1. I'd like to know if the range 43-50 contains one or more residues that are farther than 19 Å from Trp2 by Cβ, out of contact with any helix residue (DSSP H, G or I) (no Cβ under 9 Å at 6 or more places or on another chain) and not polar (S, T, N, Q).
2. Being over 20 Å from Asp152 (Cα atoms), open to solvent by less than 30 Å² (accessible area, probe 1.4 Å) and part of a helix (DSSP H, G or I) is the requirement here; does Gln28 meet it?
3. Identify the residue in the range 42-60 that is within 15 Å of the chain's Cα centre (by Cα) and open to solvent by less than 10 Å² (accessible area, probe 1.4 Å) and, among all such residues, is nearest to Asp182 (Cα to Cα).
4. Evaluate the range 85-92: report whether one residue or more is among the basic types (Lys, Arg), open to solvent by 20 Å² or more (accessible area, probe 1.4 Å) and without any contact (Cβ under 8 Å) to a residue 12 or more places away in the chain.
5. Cβ-Cβ distance below 7 Å, separation of 6 or more or different chains: which pairs start in the range 2-17 with a residue that is at pLDDT 90 or above and end on one that is open to solvent by 100 Å² or more (accessible area, probe 1.4 Å)?
6. Return yes or no: is Lys122 under 28 Å from Pro50 (Cα atoms), open to solvent by 20 Å² or more (accessible area, probe 1.4 Å) and either assigned to a loop (DSSP other than H, G, I, E, B) or not basic (Lys, Arg) (or both)?
7. Scan Glu64, Glu35 and give me the residue that is closer than 24 Å to Lys122 by Cα, modelled with pLDDT of 95 or more and surrounded by 23 or more Cβ atoms within 10 Å (Cβ to Cβ).
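The values are calculated or read from the model by the stated rules, or taken from the named source; none is laboratory data. The shown structure was predicted, so the numbers you read here are calculated from the model rather than taken from an experiment. In this analysis, Cβ positions are derived from the backbone assuming ideal geometry, glycine residues included, and neighbour counts consider all displayed protein chains. Please note that ligands, DNA and RNA were not included when accessible areas were found on the heavy atoms of the full protein model with its side chains. Shrake-Rupley method; radii C 1.70, N 1.55, O 1.52, S 1.80 Å.
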Amino acid sequence: MWYYVKTLEYPINLKSKDLKMAKFLMSQYGGPDGELSAALRYQNQRYTMPTGKSKALLTDIATEEMAHVEMIATMIYQLMSNATKEELVAADLGGHYTDHGRALYYSDAQGNPWTATYIQAKGDVVADIHEDMAAEQKARATYEWLINLTDDEEIKEILRFLRQREIVHFQRFGEALMDVQDNFSTVPGKIYHEECLVTPHPNKVYYDSYSIR
């Protein structure tokens, strides 16, 4: 069960109209490395995590990613607020207006709709957590490119906050992977996979994807 708090994780009150930036931000709304993809990926993968800590971590991060979806949606909406049809067309948002009016829609900056093919759930804890770590790094990189695309300091501050959260999530996923490795290092009868190690570790990692449920 989730409880909704009627405040954004980071305050957003953009007064400027910036349709090009709104279009760029759509990639973090419905793009392959965006917040919706992250939230749904982690919510789904948490069921096959083998430890209580890893399950809880994916649930917590997935929840925060939904808060980031809300933040990005708010930014896009405010930046497009009161735009005329002519302005939308000039910003290459005529296609968006044709299909959605001024409503938000899960697509990337090029107008490609969100698809479940952006995310994966392999059922293999090492593969899934590595994917999650890579996803956080790709989101961090996207926020860096978005910061480079605006001169608005207010927008930059919001994007810096979101970029920093991606870095924190990456670190937490690394800790979750070590937690899984530590828990399975003492389980008898598991298969040792040295390639599963991310960093040098004093204990062997015993891992059998068929036994992790």
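1. Scanning the range 43-50 turns up no residue that is farther than 19 Å from Trp2 by Cβ, out of contact with any helix residue (DSSP H, G or I) (no Cβ under 9 Å at 6 or more places or on another chain) and not polar (S, T, N, Q).
2. Working: over 20 Å from Asp152 (Cα atoms): no; open to solvent by less than 30 Å² (accessible area, probe 1.4 Å): yes; part of a helix (DSSP H, G or I): yes.
No: the conditions fail for Gln28.
3. Checked the range 42-60; the qualifying residue nearest to Asp182 (Cα to Cα) is Leu58.
4. Initially, the range 85-92 is screened for residues among the basic types (Lys, Arg), giving 85.
From the residues that got through so far, the ones that are open to solvent by 20 Å² or more (accessible area, probe 1.4 Å) too are 85.
Right, trim to without any contact (Cβ under 8 Å) to a residue 12 or more places away in the chain and you get none.
Looking through the range 85-92, none of the residues is among the basic types (Lys, Arg), open to solvent by 20 Å² or more (accessible area, probe 1.4 Å) and without any contact (Cβ under 8 Å) to a residue 12 or more places away in the chain.
5. What qualifies is Lys17/Asn82.
6. Here the answer is yes, as Lys122 does meet what is asked.
7. Answer to the check: Glu35.
Rundown of residues vs (1) farther than 21 Å from Tyr143 by Cα; (2) assigned to a helix (DSSP H, G or I), yes/no style:
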| residue | (1), (2) |
| --- | --- |
| Lys6 | yes, no |
| Ile12 | no, no |
| Ser37 | no, yes |
| Arg41 | no, yes |
| Gln45 | yes, yes |
| Lys53 | yes, yes |
| Leu57 | yes, yes |
| Glu64 | no, yes |
